[in-house]
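Each remark here refers to the structure printed beneath this line.
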Amino acid sequence: MSSTTSSPAFSIAPTLLPPPRTLPPTSAVYAALLRADLTTQWRNRRASLMVILLPAIILVSWKGLIERVGGPFVLANCITIGLNAIGLMGYSNSIARDREKEIFQRLRVAPAPNWTIMASRLTVQLIMIAILTIVIFVVGYQYDHISLNISGYVAGFLMAIVGGAVYLALGQMIVGRLKNPETVNATSRLVYIAFIMIGMFGELGMLGDFIDKAVKYSPYGTVKSIVSGALTPGAWTAQTTIALLVTLGYTAVFAFLGIRWFKWSNK
Amino acid sequence: MNTLSNTPVLRVEGLNVNYGAFHAVRDVSFEVQPGEIFGLLGPNGAGKTSTLSAVEGLIRPFTGAIHVAGYDIRHQPLYARACMGVQLQATSFQPELTLVEILRLYGGLYGVNLTDSQLNTILRDIKLEDHAGKRYGQLSGGQQQRVSLVIATIHDPRLVLMDEPTTGLDPQSRRQLWERIETMRDKGHGILLTTHSMEEAEAVCDRIAIIDHGQIITIDSPQAIIDDNRNRPEVIRASRKGKITLEDVFIGLTGADVRA
């Protein structure tokens, strides 16, 4: 739509006719899309597994750190790394690939509202976030013996979803700004690695005070902070509330730009 | 579908499409009637795909009106799309999904609940019953084209849009595709297609519009277009076999230079 100039569009007043009987309900359209997207995700399960595997490996390998930095800190770090991978590597790359193959254009010429196409994709990613969080909780409990109270698990789960939205929005911004799927792939990897490396080492104080502060207010730091704060609800501070507000701000800005820049076709 | 049974399945009026400063489609108007195969012919970059994209609602025209089976594509886009079936230039389905899954997906999008027996009938009809569980990405080009066509008509639309449907097909598949298109016409579907094959357009299309530099330069039945232009010097110059064909008229009217 954005490839053409705007008004004055359509000079002749429309003659509205009664709706055809064949127009399906939006819920049925959404269900059909979701079924197909979940099937596609399942067929690409090896890639999905990799997204979950890396934070699980980090969780296992950081067992020795738990006494020093605490279980919630380690869990929050691993969840944040996984959320990064889902939003940046999984979501943005799948959107870039399907756009390149004109799959979206084929869907858009069917009587499916545009928002249902994206809502279905986002639902799949939310399911991935839920699976990731549960896997981290289970591995943390089974292998690292990290035990939280039920409110910690619930709040942590909810904050993982809030945090996941930042990276999905960031992925949307990357795929909105860049057209070529290979460029999207390279950029999302670069951003992912930058977040992980600078975020992890910076927060441990290995890169100096300035980087430590910068990381705290980066999408990595704020998400890690709210997930960590939620896992131990008693330790939620004003600083964590600020991190939550910054997280929501990042999400709003990235999503706004991502939606504004996004084009359904590469042509 | 609607109360106006004698409505053209497609009416395009004064269509203009701009890409920034580039005027891709200029004041294009035409109609497609039920039971008609209408060909949109033109050199590369002439404005065929832009016209088709505007009809599909994929791009927003600068000015003009488009009605599909009476429904305004801008004000009632979902209703208009429910009345049209589309075969895009690219074979654009999820490669990980099987044939049956793709049929079920598009059945769901068009509000068509397909039973197992209906699915089998469809697959048998396109001679792919043995490939039901095969992923779309594993099918040959001709098989993908057949799937694409069957999905374009899965909801029995009044208008079928086809963008260069025979590109990349072997002669057998091409012949079979034209037979299917003619069958659709016989059933009363209106068909709007673009093609680079003048021979096929001459043989199959009921009416043709030749478009160049975004404008329709002639619109009529293939034979009438040939008859009206056979004495033009540029058409005679383009003729190589003595007998004037649609291709000669096309080259005569649009020029012999290869377009980028």
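Summary table below
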quantity: Dipole of region A:26-261, positive end: most advanced residue of A:Phe201, A:Gln239, A:Thr39 [Cβ charges, Cα centre]; calculated: A:Thr39
quantity: Karplus-derived HN-Hα couplings along region A:159-172 (A = 6.51, B = -1.76, C = 1.60, θ = phi - 60°), whole Hz, x at Gly and Pro; calculated: 5, 5, 5, 4, x, x, 4, 4, 6, 5, 5, 5, x, 5
quantity: Cα gyration tensor shape of region A:151-264, rounded if a/c is under 1.5, else prolate or oblate by comparing a/b with b/c; calculated: oblate
quantity: Dipole of chain B, positive direction: furthest Cα of B:Ser53, B:Thr98, B:Asn231, with charges on the beta-carbon; calculated: B:Thr98
quantity: Two-site label geometry, B:Asp206 and B:Asp228: point separation in nm, points 7 Å out along Cα→Cβ; calculated: 1.8 nm
quantity: Karplus (6.51, -1.76, 1.60) ³J(HN,Hα), θ = phi - 60°, over region A:91-101, in Hz, Gly and Pro reported as x; calculated: 5, 4, 5, 5, 5, 4, 5, 5, 5, 4, 7
quantity: Max mean-square fluctuation residue, GNM over chain B, Cα-Cα springs under 10 Å, options B:Arg185, B:Arg104, B:Arg237; calculated: B:Arg237
quantity: Computed Rg/Rh of the protein assembly as shown, alpha carbon atoms with Kirkwood Rh; calculated: 1.07
quantity: Most positive-pole-ward Cα, A:Ala169, A:Ile134, A:Thr183, against dipole of chain A from beta carbon charges; calculated: A:Thr183
quantity: Evaluated at q = 0.07 Å⁻¹: base-10 log I(q)/I(0), Debye formula over Cα of region A:26-261; calculated: -0.23
quantity: Of A:Lys63/A:Lys224; A:Lys101/A:Lys179; A:Lys101/B:Lys127; A:Lys179/B:Lys134; A:Lys101/B:Lys187; B:Lys48/B:Lys243, those spanning more than 23 Å from alpha-carbon to alpha-carbon; calculated: A:Lys101/B:Lys127; A:Lys179/B:Lys134; A:Lys101/B:Lys187; B:Lys48/B:Lys243
quantity: For chain B, radius of gyration divided by Kirkwood radius, i.e. Rg to Rh on alpha-carbons; calculated: 0.98
quantity: P(r) of region B:1-65 over all Cα-Cα pairs, binned every 5 Å from zero, in whole percent; calculated: 4, 16, 26, 24, 16, 8, 4, 2, 0
quantity: Helix axis angle, A:45-61 relative to chain A longest principal axis, alpha carbon, degrees; calculated: 20 degrees
quantity: Loop-located GluC sites (Glu not before Pro) in region B:160-260, at most 15 other Cβ atoms within 10 Å (DSSP); calculated: none
quantity: Cα-centred dipole magnitude for the protein assembly as shown, charges only on beta-carbon of K, R (+1) and D, E (-1), debye, nearest 20; calculated: 900 debye
quantity: Rounded D (µm²/s) - region B:83-125, Kirkwood Rh over Cα pairs, Stokes-Einstein at 10 °C, 1.306 mPa s; calculated: 138 µm²/s
quantity: Residue order, fewest to most surrounding Cβ atoms within 10 angstrom, among A:Lys224, A:Lys179, A:Lys101; calculated: A:Lys179, A:Lys101, A:Lys224
quantity: Whole-number D in µm² s⁻¹ for region B:117-212, Kirkwood Cα-pair radius fed into Stokes-Einstein, 37 °C, 0.692 mPa s; calculated: 229 µm²/s
quantity: Simple Cβ-charge dipole of region A:146-267, Lys/Arg +1 and Asp/Glu -1, about Cα centre, in debye nearest 20; calculated: 540 debye
quantity: Förster radius 41 Å - calculated FRET efficiency between A:Lys213 and A:Arg45 (Cβ-Cβ, nearest 0.05); calculated: 0.55
quantity: Residue-averaged beta-carbon neighbours from other chains (10 angstrom radius) around B:48-57; calculated: 2
quantity: Built amide H within the under 5 Å cut-off of B:Ile217, gap 5+; calculated: B:Ile210, B:Ile211, B:Asp212
quantity: Angle in degrees between helix A:26-43 and the longest Cα principal axis of chain A, rounded to the nearest 10; calculated: 50 degrees
quantity: Residue order, fewest to most surrounding Cβ atoms within 10 angstrom, among A:Arg260, B:Arg26; calculated: A:Arg260, B:Arg26
quantity: Computed over region A:63-120, Cα set: Rg, Dmax in Å; calculated: 18.6, 57
quantity: Label-to-label distance, nm, for residues given as B:Lys127 and A:Leu65 (7 Å Cα→Cβ offset); calculated: 6.1 nm
quantity: Normalised convex hull volume, region A:210-267, alpha-carbon set, Å³ per residue; calculated: 104 Å³
quantity: Ranked list, fewest to most other Cβ atoms within 10 Å of each Cβ, for A:Phe195, B:Phe30, A:Phe256; calculated: A:Phe256, B:Phe30, A:Phe195
quantity: Percent antiparallel among DSSP beta bridges (both partners in chain B, rounded to 5); calculated: 55 percent
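Where a number appears in this text, it was derived from the coordinates with a stated rule and is not lab data. Keep in mind the model is a prediction, meaning the values are calculated, not measured. Positions of Cβ are generated from backbone atoms using ideal geometry, with glycine treated the same way; all protein chains shown enter the neighbour counts.
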